[in-house]
Structures are given as C-alpha cells and as structure tokens.
Amino acid sequence: MKKILIANRGEIAVRVIRTCRELGIETVAVFSDADRTSPHVLLASEAYAIGPAPSGESYLRQDKIVDVAQACGADAIHPGYGFLSENTNFAKAVVDAGMTWIGPPPEAVAIMGDKVSARAIAMEAGASVVPGSAEPVAGEKRAAEIATEIGYPILMKAVGGGGGKGMRVVASEKELKSALKTAQSEADAAFADDRVFIEKYLLGPRHIEIQIVADNHGNVVALQERECSVQRRYQKIIEESPSPFISMEQWLQMANYAKQIAENCGYVSAGTIEFLVDENHTVYFLEMNTRLQVEHPVTEMISGIDLVREQIAIAQGDQLTLSEESEVNGHAIECRIYAEDGFNRFVPSIGTVAGFDVPDGPGVRFDHGIRLGQEITPHYDPLLGKLIAWDKNRTGAIERMKRALSECRIVGIDTTIPFCHAVLSHTSFARGDYNTNFIIDEMESLRKISAENVATYRHPASYLTAIHSSQEMSAPSANGEVPAPQSSWKREGRKDSLR
C-alpha cells in the first residue's frame, strides 16, 4: 500500500495517520466544513472536503468518500471506529471500487453486527449467552411472553446496533409497551433497522472484552482482557488492562471462546469479543465489535503491539507474527476525555478550546484530535481524546493517571477530566471493586471527592489569567506602539542572568 484514505475524523484519524507515516504510507484525510482546520486534516498528506458539518452530509456519505479515494489514487480505506466502520455496504463499495478494505470481510460484519445471529455464532462456539429471545420480538404480546419467561428486569436491545442506542431497561410489565416503542424508534433512527430483541438484565456485572487479531492464513490470536465496567448509559469512560477481577483461568476460557467465535464467522483483522461476567464469575457472551475499539491503546501499552500496523499488514495479506505468549508488561488505564459535564448527567458541552495543556512524562500517552482555538460543535461524538497511563503495576498506573489528569487542561468547555480524577480517587476503584453500576451507585461520593480535590486537577481560572496576562504584555500602548517582549525573569523582578 502506498496511500490510505482514513474515512473518519478526530483522534482516531490522527491515530491511523501516525502509524501510516511510520510505515512510509501517504495518507488522505476527508473533512466536513466544520473540520477544515482540524488536526487530522493538518497532519495528513492530502485532505479533501466532503460536505457540510452534519455527518449525514459528510462522514456518512459513502459515495463521496469512495469518489475521493478513487480520484486521489488511494490503495485502501481505513474506517476507524464509528461512522461507516461496521457498514457492510460501504465495505463492499470499497472493494468493488478496486481498493482494499482495512477491516473484516463484509460477510463477517453482517453476521456479527446482527445481535441475534451473533448470539447464535457464540452458542455454536460453546459460549453461554444472557437468557433472552432467539429472534427479534414480534410485537408487544411476544415481548411480554419472553419477559415473563426470563423474569424482570429485562433489557430491550437493537438487533442492528450498539453504543446504547435502541436500549431500554424494563423493570416491570407496565413499562413494557412504552419501552418497546421507544427502543424500536431509536433503533430505526440510528441504524435504519427497528428490530429489537430481549435479554435478561444482569444486575451489576463486569464488562470484560477480549481483543482478537486474525489473518487470512487461518491464524487467530487472543490478547489480554480489558475491563470496561466504568460506563454511563452503556458508553465506556474508563478502561484498564489487565482486569483486577479476572483470573488467568477465566482469561483462557474467554480467549478460547473469542477465537472460536472469530473462526466460526470467518473473521479477519482486529476485532473485539465482549462478555458480561456476574458476581459468581459466570461468563456470558455480549456482542462482537467488528472494528478497532476506542480502548485499543491499553492493549498496545501492555503488549507493545501496534494494532493499526497489524490491521494494515493483515489487509496486505501478511501472516500474523503475534503469539499469545507475547509477554504482558505492567498495567494500563485509559480515561476517555469527553466534552461533557460528568457531574451534570454528562450533558455535552460546546464552545472553543481557549487553553490546552497536553500531559506528558513517563508512561503517559494522549491520543487526541483537538487543537488550541478549535470549535467543539454539537455535530459529532463528544470524545475529544483518550488519556492512557502505564506503570509496572495497577497501583502505579492509577497514581500515574491521576498525575496525568492533573496536567491535562482543556479550557473553554466542560470535560470529563475532573470526573475521571474522582473515579481514580475512589477507594472502591482503587480496590478493583466495581461493576457497570459504579457511576449510578457512587455519583454522590464522586461529587464529594471532586469537591475536595478540585484544586488538584482543575485550574481554568489561573490558566486563563496567564493567557490574559500574556496578551496584556504585548498590547499596544496609548500611542499605538507595541512594546518589546519581556522575559519572564524581568516580569518577576529578577535578572536575566543566573550569575
């Protein structure tokens, strides 16, 4: 491959571009009107406009993206995650246009993207599934029968989607009718597919996933598990690897399930098999994500593997050189930095990035797609970036992450930085004693922790004051002359020399 188009934006586009540059591959960015000067556009070898800000008129326009790729001579397309990454029609269109699709075969995406057929594949592999319907529910009457059979509470889930859309927890029969209607409506709007199915709602499970990588030569490798239980509205906020809850025996069990599921659906490329694990350590298959995961950096940090590089190599027909004997080195934690107020129902925040401090130092990685002066709009997912911290053990990784969060400042919008710091400071998280209900159960204690530690990690007022002072120093005088810049030593009344 000589040139790859990245059909995405933000931090994941930047992430893919960086690996391509290391491989000597030219990159092509596409952008909406709102993203004309975004980092992924500025970093790519070439960039092309594809439409107005709304994603339906730009990043979801399959025809425009394929046309750009052909016109600029791209060999392949990498979809990142979200947008068109799990769209079988787009994958087919790329292949039909004579380019390489850096991802799994469209047939595998279709099978595993349908939650009902994915459950069937998992059962063929010997994995347990959460009790529920074997087919999409056909109306309220059938939904009520299934709910009575498995017992309330239940979970309505979209057959063709994920990310919390088209999902509703139903506590009793009186909520069933409205929940079914709402779930179907959301599913139709988000995925153009209003089918839903029913699962038993597990109370407080752990959300564990296995990263797999498969090539075209029959090789499938399962890597260390990731713990993704700190989440809100089924969207993950903090992930770590290894999990503090899972034993080596359980990892082996899930890894074997994951490899068999991948083989059963003819999977190729990087993908993730997700499981729920209850308090008794019973493992249930949840779903498969047929793409690169947002949280892939924690796996990279403990394994030394570049998963994007592996995706590209596999797409070129190379054979895997990875093995499950790859040494797991230390512990990694990822905090997703969203443009949201974590203490106010995660309400999205829009505005301009007026100040931006990137954390640094040993064991710290910040994958982001923002810059100083960038406008954060309501048109896209509020994820700004991902902060990852590594250390030789979990305790060290937690402390390093808290330090990194204290250095990470994004001024002008609300972010989840203070919320993540509060979670890392919570004693239950420190013990590894948490599940998917952690945020709901501990919100008040998280608010208290945040109030006590606010000075540790959030200094927007002082930061803005520094910016304002800097602007004042270079402001024109009354006669219109701009003063010569002063060194910080002179401003503080010190001599410029250390002598």
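Any chance segment 145-157 includes a residue that's under 22 Å from the mean Cα position of the chain (by Cα), aromatic (Phe, Trp, Tyr) and at pLDDT 95 or above? Checking segment 145-157: not a single residue is under 22 Å from the mean Cα position of the chain (by Cα), aromatic (Phe, Trp, Tyr) and at pLDDT 95 or above.
Does Gly82 fit the bill of being touching a residue at least 40 places away in the same chain (Cβ under 8 Å) and not in a helix (DSSP H, G or I)? Taking the combined requirement at face value, the residue satisfies it. If you go through segment 21-42 and keep only what is under 16 Å from Gly10 (Cα atoms), in a helix (DSSP H, G or I) and over 21 Å from the mean Cα position of the chain (by Cα), you end up with Asp33, Ala34, Leu42.
For (1) touching a helix residue (DSSP H, G or I) at 6+ places or on another chain (Cβ under 6 Å); (2) farther than 14 Å from Ile238 by Cβ; (3) open to solvent by 30 Å² or more (accessible area, probe 1.4 Å), each residue gets a yes or a no:
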{"residue": "Gly363", "(1), (2), (3)": "yes, yes, no"}
{"residue": "Phe366", "(1), (2), (3)": "no, yes, no"}
{"residue": "Gly373", "(1), (2), (3)": "no, yes, yes"}
{"residue": "Ile388", "(1), (2), (3)": "yes, no, no"}
{"residue": "Ala397", "(1), (2), (3)": "no, no, no"}
{"residue": "Met401", "(1), (2), (3)": "yes, no, no"}
{"residue": "Leu405", "(1), (2), (3)": "yes, no, no"}
{"residue": "Gly412", "(1), (2), (3)": "no, yes, yes"}
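If the condition is being part of a loop (DSSP other than H, G, I, E, B), under 23 Å from the mean Cα position of the chain (by Cα) and touching a residue at least 40 places away in the same chain (Cβ under 8 Å), then segment 49-79 contributes Ala53, Pro54, Tyr59, Pro79. Under the condition of being within 27 Å of His281 (Cβ to Cβ), more than 23 Å from the chain's Cα centre (by Cα) and in contact (Cβ under 8 Å) with a residue 40 or more places away in the chain, the residues counted in segment 432-454 number 0.
Given the criterion more than 20 Å from Thr100 (Cα to Cα) and either open to solvent by 30 Å² or more (accessible area, probe 1.4 Å) or in contact with a Phe, Trp or Tyr (Cβ under 7 Å, 6 or more places away or on another chain) (or both), identify the matching residue among His296, His281. The conditions single out His281. Given the condition within 30 Å of Ile102 (Cβ to Cβ), open to solvent by 30 Å² or more (accessible area, probe 1.4 Å) and not in a loop (DSSP other than H, G, I, E, B), answer yes or no: does some residue in segment 193-213 qualify? Within segment 193-213, none of the residues are within 30 Å of Ile102 (Cβ to Cβ), open to solvent by 30 Å² or more (accessible area, probe 1.4 Å) and not in a loop (DSSP other than H, G, I, E, B).
Within segment 320-349, how many residues are buried (at least 17 other Cβ atoms within 10 Å of the Cβ) and not in a loop (DSSP other than H, G, I, E, B)? So the answer is 10. Residues in segment 136-189 that are of a type in the set (A, V, I, L, M), more than 30 Å from Thr290 (Cα to Cα) and surrounded by fewer than 19 Cβ atoms within 10 Å (Cβ to Cβ): Ala144, Ala171. Considering segment 6-48 alone, what residues qualify as being basic (Lys, Arg) and crowded, with 16+ Cβ neighbours inside 10 Å? Across segment 6-48, the qualifying residues are Arg9, Arg15. Comparison of Gly80, Gly51 shows that the only residue that is touching a helix residue (DSSP H, G or I) at 6+ places or on another chain (Cβ under 8 Å) and crowded, with 20+ Cβ neighbours inside 10 Å is Gly80. Within segment 252-284, being over 26 Å from Met167 (Cβ atoms), in contact (Cβ under 8 Å) with a residue 40 or more places away in the chain and not polar (S, T, N, Q) holds for Ala255, Lys259, Glu263, Gly266, Val268. Being within 20 Å of the chain's Cα centre (by Cα), assigned to a loop (DSSP other than H, G, I, E, B) and surrounded by fewer than 18 Cβ atoms within 10 Å (Cβ to Cβ) is a property that does not hold for Arg291. The helices (runs of 4 or more DSSP H) located wholly in segment 365-449 that include 2 or more residues which are β-branched (Val, Ile, Thr) occupy 394-407, 417-425. What about Thr416, is it free of Cβ contacts under 8 Å to residues at least 12 places away in the same chain and polar (S, T, N, Q)? For Thr416, the condition - free of Cβ contacts under 8 Å to residues at least 12 places away in the same chain and polar (S, T, N, Q) - is not met.
The values are calculated or read from the model by the stated rules, or taken from the named source; none is laboratory data. Computed from a predicted structure; not experimentally measured. No Cβ is skipped: glycine too gets one built from the backbone with ideal geometry, and neighbour counts run over all protein chains shown. We work out accessible area using only protein heavy atoms, side chains counted, and drop any ligands, DNA or RNA first. Shrake-Rupley method; radii C 1.70, N 1.55, O 1.52, S 1.80 Å.
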